[in-house]
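Okay, structure first, notes after.
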Amino acid sequence: MTYSRVASHGAMAFDANRNQLYADAIRRLVNEHSVVMDLGAGLGIHGLIAAAAGAARVYLVEPQPVVNSAVDAARASGLADRVIVMQDRIEDVALPEPVDLIVSVFTGNLLFSEDLLPSLFHARDRCLKPGGRLLPDRAQLWLAPLEAAQLHAKHVGRWSQSVMGVDYSSARRFAANEILWLRREDFAGSSRLGGGAPLADVDLAKSSDADCNGEAVCRVETSGLCHGLLGWIRIHLLDQWLSTDPESPEVHWSPVMLPVDPPLPVSQGEELKLTLRRPARGDWTWSVTAQAGARRHSSFLASADGAKELARAAPASRPGLSPQGNRALRMLELLAQGFSNQAVADEMAAAHAMDRGQAMQEVQRIALRYGGAP
């Protein structure tokens, strides 16, 4: 998902259950002396709630330009005198003062999945006053064995079926290693075989580790076929827990499914060993061990080009630049020298026999990603 467009933030801005829990906690923590940071503010809903609760100053820190919509919202809500927008990454921001409270929504659907925790830890260590608070201050990642025959058949099993007489069964192994980022309603007809267990429990106020390295034992409550692991998160907001469990009140986050293939038979009363690992910015690996056997999967194995990608990214690798890389390098050099986008596109078209429209599109992508202020 890209968060550069206002519409991308709609589900969050209008998430009534999530925002109410945040608002309840914010109103209890904020007073007329409070300085607050809304980290990764987006449209700034939580920061604006803090300002409305009486905070002295609220800093909205967000790298995407959508945060400027919060300026209009603050003005329209009579809060503009206490809200300061800082459109930048927290790593590149210099706040003029430390803050009493950092509010964030830096927990993806699998807690570590968007690699935002290092930025939260950075903000905490650099910007939070001694004795200051984080909201949330704790987060958990849970897994439970799931019987989900329809989901498994739709996303994994179908690869073993002939398509117009063509056999794609060799591709099933890739599908079985692909995490299913689903909608809540997709889990209709599925059932948990056990209550689940936390694979990660992160104290956001103290931790500095953004790696997932979890193990847990889960008791099977109902015999059946384990088609995958249901994954969800819980975050702690003062004295309440917000959960993305599909049986909890709906929020914009969704639970996920980690496939198990072939499905694993499990029996009531037995204990399953679950593991889930992911280095920061790396691939997920999950496993289930039961009396009937064990299954191990990795999102790294979902890519047909995984081995080549790993070799190219290895510390000792010297991959050089592809033709596209050399074009991008030349474009950056010309932009750094002050040439206009049009002039750079003209050179690219002439030097590489490119269509001028295609050349301009490439230059514009580079300019939007790496260009400075016009």
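The values are calculated or read from the model by the stated rules, or taken from the named source; none is laboratory data. It should be emphasised that the depicted structure is a prediction, and the values quoted were computed from it without experimental measurement. Heads up, the Cβs are rebuilt from the backbone with ideal geometry, glycines too, and the neighbour counts pull from every protein chain shown. Only protein heavy atoms, including side chains, enter the accessible area calculation; ligands, DNA and RNA are left aside. Shrake-Rupley method; radii C 1.70, N 1.55, O 1.52, S 1.80 Å.
Worth a mention:
- When ASP167 is tested against the conditions (1) charged (D, E, K, R); (2) within 20 Å of LEU242 (Cβ to Cβ); (3) open to solvent by 50 Å² or more (accessible area, probe 1.4 Å), the lone failure is (2).
- Looking only at residues of the stretch 63-103 that are closer than 13 Å to ILE45 by Cβ and more than 25 Å from the chain's Cα centre (by Cα), we find that the one that is most open to solvent (accessible area, probe 1.4 Å) is SER77.
- The stretch 272-327: number of residues that are touching a Lys or Arg at 6+ places or on another chain (Cβ under 6 Å) and either loosely packed, with under 15 Cβ neighbours inside 10 Å or part of a helix (DSSP H, G or I) (or both): 1
- Look at the stretch 34-48: where a residue is assigned to a strand (DSSP E or B) and a partner is open to solvent by 10 Å² or more (accessible area, probe 1.4 Å) and small (Gly, Ala, Ser), sitting 6+ places away or on another chain with Cβ atoms under 8 Å, you get VAL35/ALA56; LEU39/SER119.
- Enumeration of residues in the stretch 186-222 that are of a type in the set (Ser, Thr, Tyr), open to solvent by less than 60 Å² (accessible area, probe 1.4 Å) and in contact with a helix residue (DSSP H, G or I) (Cβ under 8 Å, 6 or more places away or on another chain): SER190, SER207
- Cβ pairs under 8 Å, 6+ apart, first in the stretch 175-191 and under 16 Å from LEU225 (Cα atoms), second polar (S, T, N, Q) and open to solvent by 20 Å² or more (accessible area, probe 1.4 Å): GLY189/GLN150; SER190/GLN150; SER191/THR222
- Any hit, the stretch 251-264, residues being open to solvent by 10 Å² or more (accessible area, probe 1.4 Å), in contact with an Asp or Glu (Cβ under 6 Å, 6 or more places away or on another chain), hydrophobic (A, V, I, L, M, F, W, C) and touching a residue at least 40 places away in the same chain (Cβ under 8 Å): yes
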